[in-house]
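Let me begin by presenting the structure, written as structure tokens, before commenting on it.
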Amino acid sequence: MPKITLPDGSEKEFARPVTVAELAQSIGAGLAKAALAGRVNGKLVDTSHRIEADADVAIVTPKSPEALEILRHSTSHLMAQAVQELYPGAQVTIGPVIENGFYYDFSYKRPFTPEDLVAIEKKMAEIVKKDLPVVRKEMPRDAAVALFSSLGEKYKAEIIGAIPQGETISLYGQGNWLDLCRGPHVPSTGKLKVFKLMRVAGAYWRGDSKNEMLQRIYGTAWATREEQDAYLKMLEEAEKRDHRRLATQLDLFHMEEDAPGMVFWHPKGWTLWQQVEQYMRTVYRDSGYLEVRGPTVLPRSLWERTGHWENYREHMFTTESEKRDYALKPMNCPGHVLIYNKGVKSYRDLPLRYGEFGSCHRNEPSGALHGLMRIRGFTQDDGHIFCTEEQIVPECVAYTALVQKVYAHFGFKDIVYKVATRPEKRLGTDEQWDRAEGALRLSLEKGGAQYQIAAGDGVFYGPKIEYHLKDAIGRLWQCGTMQVDFQLPVRLGAEYVAADNSRKTPAMLHRATIGSMERFIGILIEHYGGAFPLWLAPEQAVVLSITEHQAAYAEEVAARLREAGFRVKSDLRNEKISYKIREHSLQKLPFQLVVGDKEKQAGTVAVRTRSGEDLGAMSLAALVERLRSEASA
């Protein structure tokens, strides 16, 4: 006779085992109709799942946090069924949920077209209208292999064949269609009303270029039409803001096929870079960091001592000289420990904060490269704090406040905090991880920050706080981190002299505020759509002459503004002023300064803002004051 405890603490007792669906019905018809799945003792299950013993149970509805994953997972099956009904002979392979949607990989004799996606969506809608029950089945592994082999599904048979012998396989069927899956899924196809297929891409079977190229259909699914419309509108806006397109339009940087994942910065792009770097350099200085610089190439023996060779080798570029192996550094941490180790350190020296704009390289797969957002050669805004264990919490509290200040300066007001906990593959003891994770959580609580737990997402040497900033169109970007490391200082012999003259190992805090400089600049480009605030803009103003008679005065104005510290150019071309204004508007300069005979005689400039607002005539002194005020805001 199971006793079921509901999320509000109330209890229900039954004389026999009940399914999640029956439990929902006993609570109310409305809840039963809305039920998508259940959570029994923390585990997600189908509504058909039988509860046979006392349990804590929650009913998952479209409003639940877990709903989207279940809806998207079920919609991927809906898509696969539609594909196979429309295109006999198409084989399904793998179809997971991803951020904001799902995909499924198919093997088929010809490429899918945009017209095919329209047809697949139509067929999906037809299956939804049929409201087919989604039924879970179980069978032995070998029987499942035989079943899918008989259906000509060689990929599914291969996937199941890799599962250990003797395990029970779970399958899900809807109508006459069947697929391998752990679940859970919605109770019927009628629950899947809001979806859209997005695009087709290529993908190798099991991600191996030696295998067959499959076709990957991407889709998105949502609980409500309003949520999906908002998402599609965000995508449309994101396309307009794509940093790669804007980089060409604004002449900021480019990338070459002969140097994948490497960036070629143009003068305006490098000016933007310098505004970011020099601001961050003042943050270093004002926060007590000592700027250092380590070598880019370090020997394999060092990476073996740190544990990176064992845990990170596949992401490292390697080279050889005089029969000795080296690697380009993927991060700056070991170099900072070696700098720390030079000379005796006392507890009075701690906390000791190092910062570096370090040049790093990571061997990212070519298919994963994406403009500035994922590259192979990058500069890390990196820092490490060597401190006693008692100093960890106050250092982390201070660092979170610093992150908030920096992000606000760049125009990001909303931050999402996550504590990433121990991964399966890790160094150190559970007791060390308990202390490190506890310190990070306590620091956020002391700083008044609410946070989420990202279970298992820590790095192999320690847990971390992830700082996710929200951009102008609502996307989250993880930039900053704070990691507690008890491992690397031990492995590289870092010590300090304690108050009792004993030798102790410092804790090492790894921190990055903006992370990769390149990626952060890509985020800034998209956040502002290329229309940077005055202090960041590579070119802050342009002086436009109306005719050649004002050329000398226009040059004089530009020179005086440059002397005042502003980034200003002049356009003296013999073109119509309307053409010049339109052309520079596309470059998104904050100000256009027009000079004609009237302005020349009065010693003024006619000021236009980026938005097209006419501020009228200003003296140079008034203009400089306005620019200084806006640049410091």
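Go through region 582-619 and give me each residue that's open to solvent by less than 30 Å² (accessible area, probe 1.4 Å), within 29 Å of GLY269 (Cβ to Cβ) and not in a loop (DSSP other than H, G, I, E, B). Across region 582-619, the qualifying residues are HIS584, PHE591, GLN592, LEU593, VAL594, VAL595, VAL605, VAL607, THR609. Note on region 2-26: residues that are under 24 Å from ALA223 (Cβ atoms), open to solvent by 70 Å² or more (accessible area, probe 1.4 Å) and in contact with a strand residue (DSSP E or B) (Cβ under 7 Å, 6 or more places away or on another chain) total 1.
Of everything in region 508-526, what is closer than 16 Å to ASP382 by Cα and touching a helix residue (DSSP H, G or I) at 6+ places or on another chain (Cβ under 8 Å)? Give them in sequence order.
Just the residues of region 508-526 that are closer than 16 Å to ASP382 by Cα, to begin with: 508-521.
If the condition is that a residue be closer than 16 Å to ASP382 by Cα and touching a helix residue (DSSP H, G or I) at 6+ places or on another chain (Cβ under 8 Å), then MET508, LEU509, HIS510, ARG511, THR513, ILE514, MET517, PHE520, ILE521 are the ones that fit.
Among the residues of region 90-135, write down those that are open to solvent by less than 80 Å² (accessible area, probe 1.4 Å), over 26 Å from LEU171 (Cβ atoms) and either in contact with an Asp or Glu (Cβ under 8 Å, 6 or more places away or on another chain) or in a helix (DSSP H, G or I) (or both). ASP116, LEU117, ALA119, listed by residue number. Taking residues in region 437-463 that are over 24 Å from MET331 (Cβ atoms) and part of a helix (DSSP H, G or I), and partners anywhere that are of a type outside the set (Ser, Thr, Tyr) and open to solvent by 10 Å² or more (accessible area, probe 1.4 Å), the pairs with Cβ atoms closer than 6 Å and at least 6 places apart or on different chains are LEU442/VAL393; LYS446/VAL397. Of all residue pairs spaced 6 or more apart or on separate chains, those with beta-carbon atoms under 6 Å, a first member in region 384-411 that is closer than 30 Å to PHE532 by Cβ and a second member that is of a type in the set (Gly, Ala, Ser) and open to solvent by 20 Å² or more (accessible area, probe 1.4 Å) are THR400/GLY447; LEU402/SER287.
All of (1) buried (at least 18 other Cβ atoms within 10 Å of the Cβ); (2) closer than 30 Å to ALA398 by Cα hold for PRO295 with one exception: (1).
Quick check on region 470-484. Is at least one of its residues of a type in the set (A, V, I, L, M), assigned to a loop (DSSP other than H, G, I, E, B) and open to solvent by less than 10 Å² (accessible area, probe 1.4 Å)? No, region 470-484 contains no residue that is of a type in the set (A, V, I, L, M), assigned to a loop (DSSP other than H, G, I, E, B) and open to solvent by less than 10 Å² (accessible area, probe 1.4 Å).
Residues in region 257-305 that are within 24 Å of the chain's Cα centre (by Cα) and of a type in the set (Asp, Glu): GLU277 alone. Candidates are the residues of region 199-228 that are assigned to a strand (DSSP E or B) and among the aromatic types (Phe, Trp, Tyr); the one that is nearest to VAL97 (Cα to Cα) is TYR218.
Say we look at region 357-366 and pick out the residues that are closer than 16 Å to GLY515 by Cα and in contact with a helix residue (DSSP H, G or I) (Cβ under 7 Å, 6 or more places away or on another chain); which of these is most open to solvent (accessible area, probe 1.4 Å)? Once the filter is applied, the top-ranked residue is ARG362.
Go through the residues of region 367-385 one by one and say whether even a single one is assigned to a helix (DSSP H, G or I) and either at pLDDT below 95 or crowded, with 16+ Cβ neighbours inside 10 Å (or both). Don't jump to the end; show me each part of the working.
We begin by selecting, within region 367-385, every residue assigned to a helix (DSSP H, G or I); these are 367-368.
Within this subset, residues satisfying the condition of being either at pLDDT below 95 or crowded, with 16+ Cβ neighbours inside 10 Å (or both) are 367-368.
Yes, because at least one residue in region 367-385 is assigned to a helix (DSSP H, G or I) and either at pLDDT below 95 or crowded, with 16+ Cβ neighbours inside 10 Å (or both).
Return yes or no: is ARG225 at pLDDT 90 or above, of a type in the set (D, E, K, R), open to solvent by 80 Å² or more (accessible area, probe 1.4 Å) and under 33 Å from the mean Cα position of the chain (by Cα)?
yes
Summed over region 527-567, the residues that are under 18 Å from ARG628 (Cβ atoms), outside any helix (DSSP H, G or I) and open to solvent by 50 Å² or more (accessible area, probe 1.4 Å) give a count of 2. Looking only at residues of region 148-179 that are closer than 26 Å to LYS129 by Cβ and out of contact with any Gly (no Cβ under 9 Å at 6 or more places or on another chain), we find that the one that is most open to solvent (accessible area, probe 1.4 Å) is ASN176.
In region 26-65, counting only strands (runs of 3 or more DSSP E) that sit wholly within it, the ones holding 3 or more residues that are of a type in the set (Val, Ile, Thr) span 55-60.
The values are calculated or read from the model by the stated rules, or taken from the named source; none is laboratory data. Because the structure is a prediction, the values reported are computed rather than measured. In this analysis, Cβ positions are derived from the backbone assuming ideal geometry, glycine residues included, and neighbour counts consider all displayed protein chains. Surface accessibility is based on the protein's heavy atoms, side chains included, excluding ligands, DNA and RNA. Shrake-Rupley method; radii C 1.70, N 1.55, O 1.52, S 1.80 Å.
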